[in-house]
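Reading through the structure tokens given below for one structure.
The values are calculated or read from the model by the stated rules, or taken from the named source; none is laboratory data. Nothing here was measured: the structure is a model prediction, and the numbers come from that model. Every residue, glycine among them, receives a Cβ derived from its backbone with ideal geometry; neighbour counts consider all protein chains shown.
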């Protein structure tokens, strides 16, 4: 080229333009970086869901990786595709992250075939988080329906690790059938050791089921709620959190004290591909965690 | 901004200079349509004669040189159980000559999304910074409503911007490399007469636009969210996505991965998408957040005239009317906006 154009080499950008932030959004070169991560363990949960423990191979990056409860990562299986998955492990847990993944499409199906030692790609973390720090000295309602327990497990573990900061903690969890219950091996621990009031309910009971039968709102009706001293986090299908939030609103909990996590299609996680757009809001940037007031103002959100 | 005057002959020399060792993209006539009207497209040119700076508009915008319809984001090579990734950014310099104000404004809007503080896109920035842009003033194109959305004037985002003064060009210089490039040919300082002629041309262009009321759209769209107008137009929509393909500002995309036949490599491929496609918002398990055409069409307008305004204080639409021209069902922004305004009045 002549002296007219000095080609601009993006790969020669300064290593970082700003201090490193938790999701590297200020590092131009690394915006699209995928961390190679090893599956260190696969824990079957139900017929459809497995819990994957992933460890970033690069030691320095592993050390640097941090996230907040409610955030998600993009998981890539080279040759198959990339999907957004919310993180299910505790943010204070260093070394590896846990992702609860349901077999639903091309990428998740191949992931379900993967064994220990397989290497996948990780990007992120992305999105907003549940403002646990704001919820201190309050009662906390953690409500999940179905697969909603996967994103809810990060705030649950976060609350358990800081149990003294909170007053009464309730976990309400509902699924369609009892064999769809996730993380059932941990209920005892949450209930007894962490002093959490855990209630599980299923819609259709099979003969072996001895617990409650009904909808998640049935559990709520039995509860006494102190509206101005309670925060609620609700994860589940839109139809479920719509009813739950309506009920909580009736009980007097202000809409900005209820938090939900929305699901949308995503191809980038960085506010570029538009696929997660709700009206004009990017779920990947302004969400996936929204307070209920914001959700009510997003047309087509639920 | 600095201004220079260069004769038409010198401009030809300037193009020759660019052509020497840079890829030059310019409007080229590629055919005539059924009505005998010329069809132009931004394509690589080999010599000055191919360039048609008098073009009215192009069917496709020039966005493909910044956001290719299909682009490899990265490739993976598999080595046993591990894999290695390679990312290549396009850095070859390129010049685009003859962009109209709307198309340069479109790039400025894309800059806000793709080259802003939040997750800047290295793919886009690499192409953008390595592209030399020469814009040109023109009389309004048929159907264009760029003035109403404030996209008929451009003050930055280019290297050179030309205004045709008959026998000479009035050139606005907006970058150091634009200044250096012009030094390759003979130019002179503008005189009072040049300035007068320039302002006269600007006035002539500005007076030819038909006004379209858009300033109240962000508010109107909220109020008319359930309007029948959307169904009326969506009933004609065939969800072909052409509007998004020709749009100079539509940037949405999908990513998929492909493996080579011998399983040795895979590619992560980005392909521009359209919010009018049926599966645009379908999530795992089959739930579709926008299953009907009405919702999809509405959200296209919602994003352009409300959402983008909320985020950046200006609409995403630049009023180039390409979507209206390409639509097989005659769905076009001015008519839809007019319908909304009429319903609002009633």
* To do: State which residue is nearest to the other protein chains (Cβ to nearest Cβ) when the search covers only the stretch B:89-126 and only residues that are over 20 Å from residue B:319 (Cα atoms) and touching a strand residue (DSSP E or B) at 6+ places or on another chain (Cβ under 8 Å).
  => B:93
* **Residue within the stretch B:192-208 that is over 26 Å from the mean Cα position of the chain (by Cα), exposed (fewer than 12 other Cβ atoms within 10 Å of the Cβ) and touching a residue at least 40 places away in the same chain (Cβ under 8 Å) present** => no
* **strands (runs of 3 or more DSSP E) lying entirely in the stretch B:39-132 (those with 3 or more residues that are more than 23 Å from residue B:169 (Cβ to Cβ) and at pLDDT 90 or above)** => B:70-79
* Asked: Among the numbered criteria (1) touching a residue at least 60 places away in the same chain (Cβ under 8 Å); (2) more than 14 Å from chain A (Cβ to nearest Cβ), which single criterion is violated by residue B:49?
  -> (1)
* Checking residue B:263 against (1) farther than 30 Å from residue B:100 by Cα; (2) touching a helix residue (DSSP H, G or I) at 6+ places or on another chain (Cβ under 7 Å), which single condition isn't satisfied? -> (2)
* Spot the failing condition for residue B:171; the list is (1) crowded, with 16+ Cβ neighbours inside 10 Å; (2) not in a strand (DSSP E or B), and only one is missed. => (2)
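Here is a yes/no grid of residues against (1) part of a helix (DSSP H, G or I); (2) modelled with pLDDT under 90; (3) farther than 20 Å from residue A:266 by Cα; (4) within 9 Å of chain A (Cβ to nearest Cβ):
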position: B:233; (1), (2), (3), (4): yes, no, yes, no
position: B:239; (1), (2), (3), (4): no, no, yes, no
position: B:255; (1), (2), (3), (4): no, no, no, yes
position: B:267; (1), (2), (3), (4): no, no, no, yes
position: B:276; (1), (2), (3), (4): no, no, no, no
position: B:310; (1), (2), (3), (4): yes, yes, yes, yes
position: B:316; (1), (2), (3), (4): no, no, yes, no
position: B:319; (1), (2), (3), (4): no, no, yes, no
position: B:330; (1), (2), (3), (4): no, no, yes, no
* Asked: Can you tell me which residues in the stretch B:165-187 are under 24 Å from residue B:248 (Cα atoms), out of contact with any strand residue (DSSP E or B) (no Cβ under 6 Å at 6 or more places or on another chain) and touching a residue at least 60 places away in the same chain (Cβ under 8 Å)?
  -> B:174
* Asked: In the stretch B:192-206, is there at least one residue being farther than 30 Å from residue B:302 by Cβ and assigned to a loop (DSSP other than H, G, I, E, B)?
  -> no
